[in-house]
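The values are calculated or read from the model by the stated rules, or taken from the named source; none is laboratory data. Since we're looking at a predicted model, the values are computed, not measured. Cβ placement follows ideal geometry from the backbone for every residue including glycine, while neighbour counts extend to all protein chains displayed.
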Amino acid sequence: MDDSNSRYDVGDLMRAGDCNDALHTLYHYLDGELTDSRRQAIREHLDLCQPCLHAFDFEAELKVVIARSCRDQVPDQLRRKIAEAIAHECQEGTSEAGLGSV
């Protein structure tokens, strides 16, 4: 969570007219990659800047929708078939290497 390599500092975000920097850093904010002081600075900017707050709301909601949509559900039957195939291959490999019964 070290954001020391970023060229954006807390002072940048405190200026009401510095929306580009705030919005750039917003993605790091949403991903939880910022220090507490940077998170506070973004929060203060969002409190003062309605356009950035709307962008934040949109991006936060988009992130939730994407996360919800990207969860693949694998049918139980397919899981069992894959587990059985892996187990079979492991047994074949063990007996081919002469490691089966001694």
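Before we move on, is Ala87 part of a helix (DSSP H, G or I), surrounded by fewer than 11 Cβ atoms within 10 Å (Cβ to Cβ) and at pLDDT 90 or above? Step through it out loud before you land on a result.
Numbers: part of a helix (DSSP H, G or I): yes; surrounded by fewer than 11 Cβ atoms within 10 Å (Cβ to Cβ): yes; at pLDDT 90 or above: yes.
So Ala87 fits the description; yes.
In the condition set (1) in a helix (DSSP H, G or I); (2) at pLDDT 85 or above; (3) exposed (fewer than 11 other Cβ atoms within 10 Å of the Cβ); (4) not hydroxyl-bearing (Ser, Thr, Tyr), Gly32 is compliant with all but (1). For the range 21-33, a residue qualifies if it is under 18 Å from the mean Cα position of the chain (by Cα) and under 18 Å from Asp57 (Cβ atoms), and the qualifying residues are Leu23, His24, Thr25, Leu26, Tyr27, His28, Tyr29, Leu30, Asp31, Gly32. Scanning the range 74-84 finds one or more residues that are surrounded by fewer than 10 Cβ atoms within 10 Å (Cβ to Cβ), of a type outside the set (S, T, N, Q), modelled with pLDDT under 90 and not in a helix (DSSP H, G or I).
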